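S.K.: Submitted below is the structure of interest, expressed as structure tokens.
Any read-out appearing in this document is the output of simple, stated calculations on the displayed coordinates, not a laboratory observation. Treat the numbers as computed from the prediction; the structure is a model and nothing was measured. Don't worry about glycine lacking a Cβ; one is built from the backbone with ideal geometry, like all the others, and counts go over all protein chains shown.
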């Protein structure tokens with residue numbers, strides 16, 4: 001059930017089998033599988049998963065290729081709630097390893113928040129990442145286009161950009177190297193530094209040899225209408241026409257709540273085994289937070305794996321006939 | 001495009017980037033990703049993927065939990081064809097390693113078949129498995145219920161069987177041990193040997209201790225109507241009422257065409273790395289054929305991984321600007 005400030009005290013003494021941090025594709029898929037294994041699950045979501053911003057999922061098997069990401073999330077949440085999983089809109093602040101259980105400290109509400117600790121046997125970190133976007137004076141101007149034709153994922157949207165005039169927006173010289181695989185899809189590439197960093201000669205020569213234009217002026221704003229970005233206006237008032245943009249500025253990893261636990265990372269990503277278990281036996285990581293490709297369908301598969309392994313773990317300890325105990 | 005006997009000679013001199021054997025969930029997802037990477041793809045399907053038989057997919061994120069498997073396949077095939085991938089209804093007989101390419105020998109048509117060899121740089125084995133079913137005198141009686149409430153997948157359908165009277169149909173004593181994890185969902189379990197094998201005392205004792213009934217008579221037929229199996233009629237005319245069945249008789253692996261190539265297997269499953277590459281650098285395996293769980297969402301993720309790795313391989317060799325070459 002959807003928990004609220006009013007109803008959540010009904011769960012005071014409950015130890016969940018699994019607590020899922022994040023209600024994006026990975027978390028929802030995990031939750032659906034967990035509930036179908038008759039495990040008691042709490043999903044905690046702070047809202048606005050990365051796929052929420054995707055206006056069209058073009059590569060998810062079984063859905064028409066213009067399905068908005070938020071539709072998948074809506075369907076998944078309904079599915080999870082229909083299986084009687086608990087769901088709470090809140091922010092996870094901290095996880096404390098208590099041995100047999102994990103204590104999960106949660107903040108509920110933004111104004112006059114209340115704090116609560118949930119206990120769980122297993123935790124699934126499905127809190128994902130969010131892309132850094134160009135920082136312009138008017139951020140609303142950035143949000144107008146992000147997820148439409150201002151893309152953040154080459155794997156997802158390279159095909160959409162084929163033979164288009166594409167601007168690449170990086171945060172470091174190195175981040176602009178996404179232009180090379182983008183060059184598979186289009187030769188019409190302009191690299192924007194926004195005046196924020198230098199490009200060393202060797203890399204500059206490689207960009208130039210590939211036929212890419214380099215623009216090092218500060219950006220004033222994106223141009224366009226109806227969420228279709230049509231170019232960039234620079235600080236000096238000049239304009240560059242574009243058909244699409246690709247942002248390559250890295251990501252924020254939503255994993256602060258795990259800081260108190262010793263886990264193996266690779267870059268910002270959690271290292272897991274084939275069943276998505278981290279280096280901690282009771283903590284799993286799924287979706288964009290773990291090492292691997294950031295794709296909705298892969299996140300959904302991760303959730304299935306993690307849930308299944310947790311079921312196997314619990315079943316080995318408890319034996320059979322869960323149905324009678326909880327029915 | 002959908003290739004036919006009439007049109008397939010248009011592809012005589014073409015070397016595909018990837019040939020996908022099998023048009024189930026794994027193959028279709030791979031095909032969608034491959035075409036979106038601007039790689040030329042041929043999918044060869046003999047029809048009737050395992051998920052085709054699933055009347056309701058209950059655990060696939062983004063779809064209502066009563067979506068038939070065949071709907072996912074239909075949507076996926078339309079999606080793939082809309083991306084201009086080639087598709088051929090045929091049977092793959094043999095794959096020959098020619099070094100830079102693989103030659104794939106195909107039989108097209110059942111009566112008066114024609115034979116053809118396609119060439120490809122990479123091959124994705126997505127041909128899956130099919131479950132062995134109880135062999136009764138009247139197999140139509142078996143097909144009436146298989147995929148409805150005569151289940152073949154505990155992971156998928158354990159939840160559907162909770163607290164039901166379930167018959168387990170095995171092919172060996174060992175195969176009946178699926179009853180133990182099934183016992184998580186229901187205590188009302190009858191094990192059927194169909195009179196085909198013996199159960200040793202130690203295992204018999206474990207089944208009895210768990211509260212399971214053992215029935216060792218030959219089965220005459222399944223009872224029921226409208227695809228809902230309601231029990232079993234035994235050879236002696238007696239009947240056992242059931243709410244559902246679980247078949248645990250192993251699977252046929254559709255991988256005969258790979259016999260001429262030295263590949264690493266684990267049981268009947270192909271061993272792959274995290275990106276679904278087999279021990280052969282140009283052959284990938286996805287879905288039920290590879291080691292791992294047999295789930296539609298995992299198969300779909302496999303396809304994304306394999307396609308992406310093939311793209312990376314080809315891009316490294318060819319460099320950029322595919323778009324101009326093939327446009």
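S.K.: Please report how far the C-alpha centroid of region B:30-107 lies from that of region A:47-100, rounded to the nearest whole angstrom.
M.R.: One Cα centre to the other: 27 Å.
S.K.: Okay, next question. Over 5 Å intervals from 0, what percent of Cα-Cα pairs in region B:102-187 sits in each interval?
M.R.: Per 5 Å bin, starting at zero, the Cα-Cα P(r) for region B:102-187 comes out as 3, 10, 15, 15, 13, 10, 9, 10, 9, 5, 1 percent.
S.K.: Moving on. Measuring from label point to label point, each 7 Å out along Cα→Cβ, what is the residue A:137 to residue A:200 span in nm?
M.R.: It is 3.4 nm.
S.K.: Treating the Cα atoms of region B:1-116 as identical point scatterers in vacuum, please give the log10 of the normalised Debye intensity I(q)/I(0) at q = 0.20 Å⁻¹, two decimals.
M.R.: Scattering profile of region B:1-116, log10 relative to I(0): -1.12.
S.K.: Averaged across B:298-308, how many Cβ atoms of other chains sit within 10 Å of each residue's Cβ atom?
M.R.: Counting Cβ atoms of other protein chains within 10 Å of each residue's Cβ and averaging gives 6.
S.K.: Another question about this same structure. For region B:25-72, what mean projected area does the convex hull of the alpha carbons give, in nm²?
M.R.: One quarter of the hull surface, i.e. the mean projection, equals 3.8 nm².
S.K.: Could I ask something else about it? Ignore the peptide's own chain and count Cβ atoms of other chains within 10 Å of each Cβ in A:31-39; give me the average, rounded.
M.R.: Neighbouring Cβ atoms belonging to other protein chains average 4 per residue here.
S.K.: Still on this structure, I have one more. Strictly greater than 18 Å: what percent of every Cα pair in region A:4-52 meets that?
M.R.: So the portion of pairs separated by more than 18 Å is 36 percent.
S.K.: Per-residue mean of other chain beta-carbon atoms within 10 angstrom of the beta-carbon, peptide A:286-297?
M.R.: Per residue, the number of nearby Cβ atoms from other chains is 3 on average.
S.K.: For labels at residue B:14 and residue B:209 in the simple 7 Å Cα→Cβ model, what's the distance in nm?
M.R.: Result: 6.1 nm between the two label points.
S.K.: Follow-up question, since we're still on this one. To the nearest 0.05, how large is the calculated FRET efficiency for residue B:2 and residue B:105 if R₀ is 35 Å and r is the Cβ-Cβ distance?
M.R.: 0.95
S.K.: If you don't mind, another one. Relative contact order of chain A: what whole-number percent is it, with Cα pairs under 8 angstrom and at least 6 residues apart?
M.R.: 20
S.K.: Running Debye on the protein assembly as shown with equal point scatterers at the Cα sites and no solvent, what base-10 log of I(q)/I(0) appears at q = 0.10, 0.12 Å⁻¹?
M.R.: Taking Cα atoms of the protein assembly as shown as identical point scatterers yields -0.99, -1.33.
S.K.: Please report the orientation-averaged projected area of region B:133-248, defined via the convex hull of its C-alpha atoms, in nm².
M.R.: So the Cα hull casts an average projection of 6.3 nm².
S.K.: Restricting attention to the alpha-carbon atoms of region B:236-276, what are Rg (one decimal) and Dmax (integer), both in Å?
M.R.: My reading of the Cα-based Rg and Dmax gives 18.4, 53 Å.
S.K.: Treat each spin label as a single point 7 Å out from the Cα along the C-beta direction, and report the residue A:263 to residue A:316 distance in nm.
M.R.: My value for the distance between the label points is 2.1 nm.
S.K.: Provide the percentage of antiparallel DSSP beta bridges, counting only those with both residues in the protein assembly as shown; round to the nearest 5.
M.R.: 45
S.K.: May I ask for the angle, rounded to the nearest 10°, between helix B:25-36 and the longest principal axis of chain B, with both axes built from Cα atoms and the value confined to 0 to 90°?
M.R.: Once rounded, the angle reads 20 degrees.
S.K.: While we're here: In chain A, which residue puts its Cβ closest to the axis that turns chain A onto chain B, and how many whole Å away is it?
M.R.: Per the Cβ-to-axis criterion, the result reads A:301, 2.
S.K.: With no solvent and one equal point scatterer per Cα, compute the Debye intensity ratio I(q)/I(0) for region A:217-327 at 0.11, 0.18, 0.19 Å⁻¹ and report its log10, rounded to two decimals.
M.R.: Each listed q maps to, in turn, -0.60, -0.93, -0.98.
S.K.: If you line up the long axis of helix B:69-82 against the longest principal axis of chain B, both from Cα atoms, how many degrees apart are they, to the nearest 10?
M.R.: It is inclined by approximately 0 degrees.
S.K.: In nm², what is the average projected area of the convex hull enclosing the Cα atoms of chain A?
M.R.: In nm², the orientation-averaged hull projection of chain A is 18.6.
S.K.: Which order do peptides B:268-277, A:39-48 fall in by mean Cβ count within 10 Å, highest first?
M.R.: A:39-48, B:268-277
S.K.: Given just the C-alpha atoms of region A:27-184, how large is their convex hull per residue in cubic angstrom?
M.R.: 172
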